[in-house]
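> This structure is in structure tokens; I'll ask about it shortly.
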Amino acid sequence: MKAKAENYMKEALKLAKSNIGNSNGGPFGAIIVKDGKIIAQGANEVTSTNDPTAHAEIVAIRKACKILGTFQLDGCEIYTSCEPCPMCMGAIYWARPKRVFFAGNRKDAEEAGFDDSHIYNELSLPLGSRKIPTKQIMAEEAKKIFEEWNDDDKKVKY
């Protein structure tokens, strides 16, 4: 298992390294493996697509889900060149792979200019104390939509 995991991680690290200098985005790469086969890969595309969500993990998850024809990555493993940021971890939890491996950690990323600590800090604050003002409005109307969803017999649960 260890040798296979390291081989997959080498592929994710190659993607990260190849993303340096090609103007696509930051030095991050991710691959998704199912049944011992790489089914999707992604490198950071934030600056080339002007999409702040185009992190390597998100790019790879989108490709893998399209290939598999599902919104969940059951039985898959994700190998990523760096510890996933809060957004990517959220996407990973929604995709439900069986495990995640990462190489660099958030401190390594911070030292390279990719600091997510402000996001971790903000998420722990009450809504009214955050730097980006966040306020709930029209809660009752939203609740009615969720009630309608709960009553819909054609919904696809996830």
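> Where in segment 45-63 does the label zone of ILE20 land, with the point 7 angstrom along Cα→C-beta and an amide N cut-off under 20 Å?
Counting only backbone N, you get 45-48, 55-57.
> Using modelled backbone amide H atoms (1.01 Å from N, in-plane), which distant-in-sequence or interchain residues come within less than 5 Å of CYS82's amide H?
Those qualifying (amide H under 5 Å, at least 5 residues apart or on another chain) are GLY29, ALA103, GLY104.
> Could you tell me the calculated FRET efficiency between ASP108 and ARG130, based on Cβ-Cβ distance and R0 = 35 angstrom, to the nearest 0.05? Walk me through the numbers before you get to the answer.
Working: r = 27 Å, r/R0 = 0.76.
The pair ASP108/ARG130 has a calculated efficiency of 0.85.
> Quick one: 3J(HN,Hα) in Hz for segment 49-58, Karplus 6.51/-1.76/1.60 with θ = phi - 60°, rounded, Gly and Pro as x.
10, 6, 10, x, 8, 7, 6, 3, 5, 5
> Under 8 Å for C-alpha pairs, at least 6 residues apart: give me the relative contact order for the chain, rounded to a whole percent. Before the final figure, lay out the partial values.
On the way: 247 pairs, mean separation 24.3, N = 158.
It comes to 15 percent, rounded to a whole number.
> Under a plain spin-label model, where a point goes 7 Å from the Cα along Cα-to-Cβ, how far apart in nm are GLU122 and LYS154?
Label-label distance for GLU122 and LYS154, simple model: 3.8 nm.
> Can you list the trypsin sites (Lys or Arg not before Pro) in segment 122-158 that are in a DSSP coil and have 14 or fewer other beta carbons within 10 angstrom?
Values: sites: ARG130, LYS131, LYS135, LYS143, LYS144, LYS154, LYS155, LYS157; in loops: ARG130, LYS131, LYS135, LYS154, LYS155, LYS157.
Answer in residue order: ARG130, LYS131, LYS135, LYS154, LYS155, LYS157.
> Once you have the alpha carbon radius of gyration of segment 1-114, what is it after dividing by 2.2 N^0.38 Å, with N set to its residue count?
On the way: Rg = 12.9 Å, N = 114, 2.2 N^0.38 = 13.3 Å.
Compactness ratio reported: 0.97.
> What distance in nm separates the two pseudo spin-label positions at PHE71 and THR53, each 7 Å out from Cα along the beta-carbon direction?
1.2
> Determine by what factor the alpha-carbon radius of gyration of segment 112-158 differs from 2.2 N^0.38 Å, reporting the quotient.
Working: Rg = 17.1 Å, N = 47, 2.2 N^0.38 = 9.5 Å.
So the Cα radius of gyration is 1.80 times the expected 2.2 N^0.38 Å.
> May I pose another question? Which far-off residues, 5 or more places away or on another chain, put their amide H under 5 Å from the one on ILE39, with H placed in the peptide plane?
ILE32, VAL33, LYS34
> Further question: Using a 1.4 Å probe on the protein chains only, how many percent of the accessible area of the chain belongs to carbon and sulfur?
Values: 5920 of 10650 Å².
Carbon with sulfur: 56 percent of the solvent-accessible area.
> State in Å² the accessible area per residue of the chain; use a 1.4 Å probe, count heavy atoms of protein chains only, and round to the nearest integer. Please list the in-between numbers first.
Numbers: 10650 Å² over 158 residues.
With all protein chains present, the chain gives 67 Å² per residue.
> Let me ask another. Once amide H atoms are built 1.01 Å from N in the peptide plane, which residues 5 or more positions from GLY26, or in another chain, come under 5 Å H to H?
VAL46, THR47
The values are calculated or read from the model by the stated rules, or taken from the named source; none is laboratory data. Everything numeric here is computed off the predicted structure, so don't read it as measured data. Ideal geometry is used to build each Cβ from the backbone, glycine not excepted, and the neighbour counts take in all protein chains shown. Protein only, heavy atoms only, side chains kept; ligands, DNA and RNA dropped before computing areas. Shrake-Rupley method; radii C 1.70, N 1.55, O 1.52, S 1.80 Å.
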